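J.: The following block contains the structure, expressed as structure tokens.
We did not get these values from a lab; they are worked out from the coordinates using the rules stated. Values in this document were obtained by computation on a predicted structure and should not be read as measured data. Please note: Cβ atoms are built from the backbone with ideal geometry, for glycine as well, and neighbour counts cover all protein chains shown.
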Amino acid sequence: MDHKERAKKPALFSPTLVLLLVLVSIFSLSAYMALSAFAPDLRNKSNGSNHAWSRSAIGLAAFVHLLEATGTKTILSRSSVDAGRPSHNLTILTPNVFQNSNDILNATVGKTLIILPKWRAVKDIRNPNWVTGLGPQKADRIAKMISEIIKDEQPTHDIQFELQVQRVVSKKSKTQQPKGYLSNTSKNGGKLYGDSNNKKTPPPKEEQQADITENAAESSIATWNIAEKFGDKEFVLGKIENLQTITYLGLVPQIWSEERLLLAKIPDKEIYILSDPDLMSTVGAADILNPAAGIRIIEGLAGKDRTVLFDLTLHGFEENSSLLRTILMPPFLTATLSAVAAVGLMIWAAWFRFGPVSRGIRVFALGKTALAINSAALIQMAGRETAMISKFAELSKTLAAKDAGAPNGLGRDELNKFLRRTAHVSGTDIDYDALLQQTQSGNLTNNEAIKIARQLYQWRGDISGANRTRKTPS
């Protein structure tokens, strides 16, 4: 395959297709890197756990909206304490029973409210935002978690670590429901049923509460004592299934009834413990008195300038810093976009400015073409164009006769007749005799001589058939 055939063969990929593939690749890589950097922000935040993003029965998302409606500024923080947090008056932690006490205490900043867990629940297969109830947590697990928190924060031998987690449940209910039944929110507020021993317990019909921890006689907690910071109005709770309180001699009571503590404080520390999360959870909001009591607690702890921070790092939402994430966020995003635009402009300029690689030109060319060019340059330098045109006409006649196959031994007149006959057959419109007379004129200019030479060259090609060969496609 010669050079001409290789040049005529179509390329495997057109430049437009190559450019399109490059642009698609760059876009795909950029999208993958951006999604990788912000993947934690794009996942489902309402995962059914007991945190401020969760819209499940045990979540606090509804309570956050209620706080904002009452004028309390809320911050849902994914930043660790070491990374720095916005200014706030109260930190709220919502750990689970398996949380490490050191992790809980490391998340405390200033005045902190720790909301104890209460319910055991798993995700509902029908909706990832819902949960299916399995009943209350085991009391000994919660007691162990509180003990570890207090001992790590207040290692004083004078405090008596005698802890009880007590629950009050409803009795004299008639309708039976399966263990851990989570009722429809449209009927009874999405309450979660189940006792501390994981027995089947129906939803209550008559709210007669009894202390199941001590197996006392049927009674109810009708009056709560409250600290001065919560005002002088009577503290009232709504209907709460399995009301959870603690008894701990080492804690400072804030809201209590006899030995039962609903809200307590670690001595000499600004760390408060709320025993029952249903004052702020969705399932407790079935009775409006419960979130109202929760808002009253927040207002009493946060003070006048109420800015409350809900910690989300304990539930795996901590915001991890990375170089890729940093350059894709303000204020570095502007510099990143500028750099990308500069690179794009450089590629665009290079694509249209530069063509194929140019080959170096030899100082002294080789071959017949170079010899002809050099000879023509010598004739032009000597100014011999007009003097040599007549001889070039005679040479063209001799070469044309040879190429046309003229018989040997023809005289001058016979050769002229042969060439005229051949010219007529070839169909050329150039008259050799007229060109020969012009060459014999003594007043030709260089341009006229060059023009005659080109016509003679064309006439010779027509006579010999060389011009027809060049015009025929291969």
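J.: Loop only by DSSP, 16 or fewer other Cβ within 10 Å of the Cβ. Give me the trypsin sites (Lys or Arg not before Pro) in region 240-278 that pass, ordered by residue number.
T.: Listed in order of number, the matching sites are Lys269.
J.: I'd like the per residue volume of the convex hull spanned by the Cα atoms of region 368-471, given in cubic angstrom. Mind showing how you got there, number by number?
T.: Numbers: hull volume 12.5 nm³, N = 104.
Spread over its residues, the Cα hull of region 368-471 gives 120 Å³ apiece.
J.: Could I ask something else about it? Please list, ordered by chain and number, the residues whose modelled amide H lies under 5 Å from the amide H of Lys111; skip anything fewer than 5 residues away on the same chain.
T.: Thr91
J.: Would you pull out the residues with amide H under 5 Å of Val131's amide H, same chain only if 5 or more places away, H placed 1.01 Å from N?
T.: Sorted by chain and number, the residues that satisfy this are Ala57, Asp124.
J.: Where does region 81-150 land on Rg/Rh, using Cα atoms and the Kirkwood Rh?
T.: For region 81-150, the value is 1.05.
J.: Pairs to check: Lys138/Lys265; Lys111/Lys144; Lys229/Lys304; Lys233/Lys304. Give those whose C-alpha atoms are more than 21 Å from each other in this structure. Mind showing how you got there, number by number?
T.: Values: Lys138/Lys265 23 Å; Lys111/Lys144 23 Å; Lys229/Lys304 11 Å; Lys233/Lys304 18 Å.
As for pairs spanning more than 21 Å Cα to Cα, those are Lys138/Lys265; Lys111/Lys144.
J.: Per residue, what volume in Å³ does the convex hull of the Cα atoms of region 275-346 enclose?
T.: Given the Cα convex hull of region 275-346, per-residue volume reads 171 Å³.
J.: Where in region 83-157 are there chymotrypsin sites (Phe, Trp or Tyr not before Pro) that are in a DSSP coil and have at most 15 other Cβ atoms within 10 angstrom of their Cβ?
T.: Those satisfying the criteria are Phe98.
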